[in-house]
Amino acid sequence: MRINLSGDLAEPRREALSEAFPFGSRIPGAMLLVVLLLAAAPGRTAASEQLQWHPLNNPQSGELMAEVPLPAGWTVTPQQWSGPGGVRAKEVMGEYFDGMDVEMDQLLDQQLLPQLQQAGNRIVAVESYPEIAEFDRRYLAQLWKVAPSQDLHAARGVVYADSEGQKGVIVVHLTRSRSQFGNSSFYTMHILEGPAKAFDQQKPVYLRALANQRHNPQQIAAHNRREQQKANASMSQFNARQRQKQQQFDNWMSTQRETSNSMMDSSMESWRRRQGMIDSGQQRQVDAIRGTAPVYDAANGQRWEVEDGHDRYFMNDSGRYIPTDDQFYNPNMDPGVNNQEWREVSPGYYGQ
C-alpha cells in the first residue's frame, strides 16, 4: 500500500515556504495551517490542529539538528516524541551491512516481520512511503562522503497491533549504496505506538512530519567538517603507517642484502677453503709420485719443491737448498758453505 504524504509541505509549496521563512524562524500557525489544508484530504481531522516547528537537539551536544512540523500538542525531546492520546514515538538505530546489497523485502521478511509476530503482534499492513524516501535522499545527499556513490532509498511502514488494544507503525528507512569500495546497506527506524484510536488519528500527522523535517544547515556543515577532518586524519595515519611499513621493508631489504653479501663472502671463502683442500690433496698425491715435498719461506712467502724424506731444509737466494736430518746443523756455521746466507724453510702443502 502506498501512502501519499505530500499534502502538507510538498514541493513547490515547501520551497516557497522555506524562502519566506528560513530555517530557525517561526512560521505563524495560521499560515502553516493554510498550507496544510490546501492539499489535505477530507477526513484528516488531526491536520486541522495548529502546527509548529519543534526543535530536535543533539542529546550529547545540545546542538540543533532539525525542526519537525507537529501540532502544538506534541512534545519533542531527543529521547522521545509524545503526542495527544498517549502516543509516543522514537528513533531506533538499525544495522549496517558492509559488502551487502540488502533489499527492503528481504529485510522485512527475514528480520522485522518475524520479530513482531514472535512478540505476539498482528501485522495489519505494510505500506510504502515514497515521500519519506525522497526526504532521506535529499538529506543524505548533503552529507560529505569519502567517495562518490550511487544510492537507492526506500521507506516502508509496518503497521501492527497487539492483543491489549495498542497499535504501532515501524517506519523503516533503507539506503543501499554502491561505490568504488563496494556495496553496503544500512537502515534506521522510526516507531510510533499508542492506544488504537489515538494512534489512528496521529499516525498521518507523524508520517507527514517525518517527510517534511528541515535540517539545520549549520549542523550539516559542521558534520561535514568533522567527517572530512576524520578522513584526513585517517589518511595521514594511513600514510604514516605506509611510510613505516616502507621503512621496515627498506630495513629488511638492507639486512637481506647484508646477509646475502655475507653469505656470498662466506660462500666464496668456503669455496676457496674447499678448493685449497682439493688442490692440497691433489698436490700431495703428485708429490708422493714424484718424491718431492713443498716448502715455503716464512719471511717472503715463496714456495719451492724439494726432495722429500728429510726433516729440515735450508734455502739460499738462488733457490738452492740443503736437506738435513740433523736437528743441530746450521749451514751458516759450516765453513764449507757459510759464504752465503741460508734460511731455514718450513714444510707446507698448497692451500695451507
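Only the coordinates and a few stated rules stand behind these numbers; no lab work does. Predicted model, so just to flag it, every value in this text is computed and none were measured. Reconstructed Cβ throughout: ideal geometry from the backbone, glycine too, with neighbour counts over all protein chains shown.
Points to keep in mind about this one:
- Linear extension gain, Gln228 paired with Arg88, 0.36 nm per residue minus alpha-carbon span: 46.8 nm
- Exceedance of the 23 Å cut-off in Cα-Cα distance is limited, within the set Lys90/Lys145; Lys90/Lys197; Lys90/Lys230, to Lys90/Lys145; Lys90/Lys230.
- Using a simple spin-label model with pseudo-atoms 7 Å out from Cα toward Cβ, Asn330 and Ala198 lie 12.9 nm apart.
- A simple packing score, the average count of other Cβ atoms within 10 Å per residue, orders the peptides 207-215, 164-172, 135-143 as 207-215, 164-172, 135-143, with the highest score first.
- Once the Cα-Cα distance is subtracted from the 0.36 nm per residue extended length, the Arg243 to Ile123 segment shows a gain of 37.5 nm.
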